[in-house]
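The structure under discussion appears below in the form of structure tokens.
The values are calculated or read from the model by the stated rules, or taken from the named source; none is laboratory data. Quick caveat: nothing in here was measured; it's all calculated off a predicted structure. No Cβ is skipped: glycine too gets one built from the backbone with ideal geometry, and neighbour counts run over all protein chains shown. For the accessible areas, the whole protein counts, side chains as well, though only heavy atoms, and no ligand, DNA or RNA atoms are used. Shrake-Rupley method; radii C 1.70, N 1.55, O 1.52, S 1.80 Å.
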Amino acid sequence: ELGPEQFAFEAGCQLEIEDSPEPGPPADRLARGQLFDTRRDYLAAGLTLEVNPLLNVSPTAIVDLDDGSLFALIATTYSLSDNLNLIGGVQVPVGRAGTEFGGIPLAPGSPTLLAPATQIYLQIRKYF
């Protein structure tokens with residue numbers, strides 16, 4: 001058990017390398033709602049900071065290594081009681097048009113771009 005002047009730090013690392021065949025053209029997968037990313041080379045980094053025993057902050061960044069665009073996320077969890085948490089966060093895509101997170105054309109030559117939306121969310125999660 002830690003005293004008031006002591007701190008705890010935990011670190012972890014996960015590396016996933018996947019090389020699998022494409023299960024069909026991206027346009028078909030997009031139409032079926034199966035497409036979550038369009039490229040193959042990503043770098044993701046995240047951590048969880050315990051601000052105090054009741055509040056955790058978790059920033060994460062996912063970078064497309066091919067075009068430099070990124071998806072930035074930050075989530076906070078505040079413990080309201082032993083089995084009740086308040087969770088809030090922001091998710092922001094960053095990149096120029098034509099990039100993974102800045103927006104790719106819906107069809108070749110189309111001015112309409114398909115990109116992740118900026119999101120702000122708030123949840124109350126009860127465990128029982």
Residue hits (segment 78-91; open to solvent by less than 50 Å² (accessible area, probe 1.4 Å) and either over 16 Å from P53 (Cβ atoms) or of a type in the set (D, E, K, R) (or both)) are I87, G88, G89, Q91
Of those in segment 99-128 that are part of a loop (DSSP other than H, G, I, E, B) and among the aromatic types (F, W, Y), the residue farthest from I62 (Cα to Cα) is F128
If we keep only residues of segment 53-73 that are assigned to a strand (DSSP E or B) and under 17 Å from L114 (Cα atoms), then the residue most open to solvent (accessible area, probe 1.4 Å) is L70
Conditions (1) open to solvent by less than 60 Å² (accessible area, probe 1.4 Å); (2) at pLDDT 90 or above; (3) polar (S, T, N, Q) -> T48 fails only (1)
Looking across segment 98-113 at residues that are β-branched (V, I, T) and touching a residue at least 12 places away in the same chain (Cβ under 8 Å), the single one that is most open to solvent (accessible area, probe 1.4 Å) is I104
Notebook entry, point to check: Condition test on T76, is it closer than 17 Å to T118 by Cα, of a type in the set (V, I, T), touching an Asp or Glu at 6+ places or on another chain (Cβ under 8 Å) and at pLDDT 85 or above?
Noted result: no
